[in-house]
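Undergrad: Pasting a structure below so you can have a look.
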């Protein structure tokens, strides 16, 4: 009988040597696991299997995943091991625990997800409703910089989106967004205009792409004529430039965006520690 990549039920969630082993799939069949000479905690192996389920779309954003006891039986491990894997995924905003209801796949429809990827708050305090206003959308071929940021080949098809983000009806952010054509197919202005929700929610529902994490670089720049007109500021006014690469499952870069933020009424807020 093939050997499982997880230890028998009841084993602690300590380290477990990963060798030329196999893993039981959700249908009860056995799938090969790549040999590795390193040690990996058992709960991390369970986390990897859960991530595979999310990436494959077996559990969709907003849907409940099986209970800890069901997963423990499926993977032939203790319930505590499953709980530790889920705890880590919840801390990473991949899963969402709801008291008395179970554990759900995190979704960009959750209002809390919006602030995770837009750290802009009004100087006066409070919470403002953001409105995304698409300006342009077109197909192009990846140049050297886009190809490098999105790990594409030069000349690969991409979608480019320009949009305004308004708060309380005032333009605050202008974004230029680059998306791989191999993942997003064709994005049109009508599609963006018709969707009621955040851009990341649109990507999630329309293309099955969920942003897991992002890397940003911030610097101050003067407003050029185009951005000054869009943001209703004087040319040369200081703007916050935010360059972001967003990653989906398996740490795959799926979006590169360059944003300009007007900060005379807003600030970029981030909590550390």
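Undergrad: Out of all the residues in segment 204-237, which are within 18 Å of residue 150 (Cβ to Cβ) and either touching a strand residue (DSSP E or B) at 6+ places or on another chain (Cβ under 8 Å) or assigned to a strand (DSSP E or B) (or both)?
TA: 209, 211, 212, 213, 214, 215, 216, 217
Undergrad: Same structure again: Taking only segment 189-209 into account, find how many residues are in contact with a helix residue (DSSP H, G or I) (Cβ under 6 Å, 6 or more places away or on another chain), modelled with pLDDT of 90 or more and closer than 23 Å to residue 120 by Cβ.
TA: Looking only at that region, the number is 2.
Undergrad: Report yes if some residue within segment 180-188 is at pLDDT 90 or above, touching a strand residue (DSSP E or B) at 6+ places or on another chain (Cβ under 8 Å) and under 19 Å from residue 130 (Cβ atoms); otherwise report no.
TA: No; the residues of segment 180-188 include none that is at pLDDT 90 or above, touching a strand residue (DSSP E or B) at 6+ places or on another chain (Cβ under 8 Å) and under 19 Å from residue 130 (Cβ atoms).
Undergrad: Is it fair to say residue 249 is over 19 Å from residue 166 (Cα atoms) and at pLDDT 95 or above?
TA: The answer is no for residue 249.
Undergrad: Which of the residues that make up segment 150-179 are over 30 Å from residue 265 (Cβ atoms) and either within 20 Å of the chain's Cα centre (by Cα) or modelled with pLDDT under 95 (or both)?
TA: If the condition is that a residue be over 30 Å from residue 265 (Cβ atoms) and either within 20 Å of the chain's Cα centre (by Cα) or modelled with pLDDT under 95 (or both), then 150, 151, 152, 158, 159 are the ones that fit.
Undergrad: Filter segment 60-93 down to residues that are touching a helix residue (DSSP H, G or I) at 6+ places or on another chain (Cβ under 7 Å) and modelled with pLDDT under 90, then give me how many there are.
TA: Total meeting the criteria: 2.
Undergrad: Kindly provide the set of residues from segment 74-100 that are assigned to a helix (DSSP H, G or I) and in contact (Cβ under 8 Å) with a residue 24 or more places away in the chain, ordered by number.
TA: 74, 75, 80, 81, 82, 84, 85, 86, 88, 89
Undergrad: Continuing with the same structure: Restricting the search to segment 163-191, which residues are in a strand (DSSP E or B) and over 21 Å from residue 116 (Cα atoms)?
TA: Listed by number, the residues that qualify are 170, 180.
Undergrad: Do we have residue 245 as in a strand (DSSP E or B), touching a strand residue (DSSP E or B) at 6+ places or on another chain (Cβ under 7 Å) and in contact (Cβ under 8 Å) with a residue 60 or more places away in the chain here?
TA: yes
Undergrad: Within segment 192-203, how many residues turn out to be in contact (Cβ under 8 Å) with a residue 24 or more places away in the chain and in a helix (DSSP H, G or I)?
TA: Result for segment 192-203: 6.
Undergrad: Looking at 262, 250, 228, 234, can you tell me which residue is more than 19 Å from residue 118 (Cβ to Cβ) and surrounded by 17 or more Cβ atoms within 10 Å (Cβ to Cβ)?
TA: The conditions single out 228.
Undergrad: If a residue must be surrounded by 15 or more Cβ atoms within 10 Å (Cβ to Cβ), in contact with a strand residue (DSSP E or B) (Cβ under 6 Å, 6 or more places away or on another chain) and more than 13 Å from residue 256 (Cβ to Cβ), how many such residues does segment 151-166 contain?
TA: Summing the residues that are surrounded by 15 or more Cβ atoms within 10 Å (Cβ to Cβ), in contact with a strand residue (DSSP E or B) (Cβ under 6 Å, 6 or more places away or on another chain) and more than 13 Å from residue 256 (Cβ to Cβ) in segment 151-166 gives 5.
Undergrad: Considering segment 94-118 alone, what residues qualify as being under 18 Å from residue 246 (Cβ atoms) and either at pLDDT below 80 or surrounded by fewer than 15 Cβ atoms within 10 Å (Cβ to Cβ) (or both)?
TA: If the condition is that a residue be under 18 Å from residue 246 (Cβ atoms) and either at pLDDT below 80 or surrounded by fewer than 15 Cβ atoms within 10 Å (Cβ to Cβ) (or both), then 109, 110, 112, 113, 114, 115, 116, 117, 118 are the ones that fit.
Undergrad: In contact with a helix residue (DSSP H, G or I) (Cβ under 6 Å, 6 or more places away or on another chain), in contact (Cβ under 8 Å) with a residue 40 or more places away in the chain and within 30 Å of residue 185 (Cβ to Cβ), is that true of residue 261?
TA: When the stated conditions are applied, residue 261 does not pass them.
The values are calculated or read from the model by the stated rules, or taken from the named source; none is laboratory data. Note that this is a predicted model, so its numbers are computed, not measured. For neighbour counting, all protein chains shown are included, and Cβ atoms are generated from backbone atoms with ideal geometry for every residue, glycine included.
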